[in-house]
Amino acid sequence: MKKYFVLIILIYFSLQTLAQIKVVSTTTTVANLVESIGGNKVSVSYLCRGDQDPHFLEILPSYMLKLRDAQLVFKIGLDLEKWLPQLIDGSRNDKLILIDLSTNISKKEVPTTKVDASQGDVHPYGNPHYWLDPLNAKIMAEEICNALIDYSSSDAEYFLKNLEKFNNSIDSNMKVWSGKISSMKQKNIITFHKSWVYFADRFGLNVVSNVEPKPGIPPTPSHDAELIQLIRKDKIKIILMENYYSDSAPNHISESTGVKVVKVPIAVYGIEGINSYEELIDYIISKVSANG
């Protein structure tokens, strides 16, 4: 009798797994948001690790296999994942539904003139790092919810309940985060790459320059010298940077000026212990606040 009971349980969980919507996300942060809304109704995998630069991803057959078995794929968009079309083509999955989470985002730094290589790695549709603004994460979550409902309308109530729970979590955390970083309001900071415009605007920081002379262009000695002068003149306290970039140039600047290099992940699972979107933002806020 016990054997039959165990068999029934195994069959039940096997059927539950088969019934899950198979989702691939381009980044770990998107994967976490999908899991927050989809719960046990989705099976989610991701392509770019949390400690990788999402602008660049090596094309591997294993990524194509993930997409071959998927039903939905979610992306950041705004030309961040230039590598994605090749992976989708290689998957040969003509039933794959692609959802661009940037659709309803208020885009920043949208070029007003023609973009060319002399400007560096400028995104023609706007800055794609919008997920670092928690209020944009709510917009992303709503897009995810709508896409899941479109695919499985019978689970709409479940998805909407999870969306409400996520939104309430962001709203309550925003009060804590805003208070924690309030001492940094209107203070000048330098960032490494142009990843921080949405975060800075949301929490009232002034990004006055970047370690990269142009987006995607490696630091140069002449630009470092200009930054050293700027830091001394304006008494800037922080260089905020992504943890997947080399910190050799920021550390050199720090040695010359005393400016603090604050190196943080910008994605879920970017370092050990960052397992949710809320934990990611809280970690960044805490690091900036402690060093400002």
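The values are calculated or read from the model by the stated rules, or taken from the named source; none is laboratory data. A quick note: this is a predicted structure, and the numbers were derived from the prediction, not measured. Virtual Cβ from ideal backbone geometry, glycine too; neighbours counted across all protein chains shown. For the accessible areas, the whole protein counts, side chains as well, though only heavy atoms, and no ligand, DNA or RNA atoms are used. Shrake-Rupley method; radii C 1.70, N 1.55, O 1.52, S 1.80 Å.
Points worth noting:
- Gln71 long-range amide H proximity, modeled H, under 5 Å: Lys22, Val23, Val24
- Ellipticity estimate at 222 nm from DSSP helix runs (n ≥ 4, -39,500 (n - 2.57)) divided over the chain, nearest 500: -14500 deg cm²/dmol
- The chain, accessible surface, carbon-and-sulfur percent (1.4 angstrom probe): 52 percent
- Theoretical gain in end-to-end length, Asp89 to Ser183 [0.36 nm per residue, Cα-Cα removed]: 29.0 nm
- Cα-based shape type of segment 174-272, given that a ≥ b ≥ c are square roots of the gyration tensor eigenvalues and the cut on a/c is 1.5: oblate
- A simple rule links phi to the HN-Hα coupling: the Karplus curve 6.51 cos²θ - 1.76 cosθ + 1.60 with θ = phi - 60°, which for segment 34-46 gives 5, 5, 5, 8, x, x, 7, 8, 10, 10, 10, 10, 10 Hz, with x for Gly and Pro.
- From phi via Karplus (6.51, -1.76, 1.60), per-residue ³J(HN,Hα) for segment 280-292 in Hz, x at Gly/Pro: 4, 5, 4, 5, 4, 4, 5, 5, 5, 5, 6, 10, x
- When the surface is traced with a 1.4 Å probe over the full set of protein chains, Ile231 keeps roughly 10 Å² accessible.
- Accessible area per residue for segment 156-292, computed on protein heavy atoms with a 1.4 Å probe, is 47 Å².
- For segment 16-149, accessible area per residue (1.4 Å probe, heavy atoms of protein chains only), Å²: 45 Å²
- Square roots of 5 times each gyration tensor eigenvalue, C-alpha, segment 153-216, largest first, Å: 34, 18, 6
- For segment 134-241, relative contact order (Cα pairs under 8 Å, six or more residues apart, normalised by length) works out to 22 percent.
- In order through segment 24-31: 3J(HN,Hα) via Karplus (6.51 cos²θ - 1.76 cosθ + 1.60), integer Hz, x for Gly, Pro: 10, 10, 6, 10, 5, 5, 4, 4
- Model label zone, Thr112; criterion: amide N under 17 Å from point 7 Å along Cα-to-beta-carbon; scope segment 192-214: none
- Total lysine pairs whose alpha carbons fall under 20 Å of each other in segment 159-200 (8 or more apart, or interchain): 4
- Acute angle (nearest 10 degrees) that the helix 156-180 long axis makes with the longest principal axis of the chain, alpha-carbon atoms: 20 degrees
- Distant-in-sequence amide contacts of Val261, defined by a placed amide H-H separation under 5 Å and a gap of 5 or more residues or a different chain, comprise Ile239.
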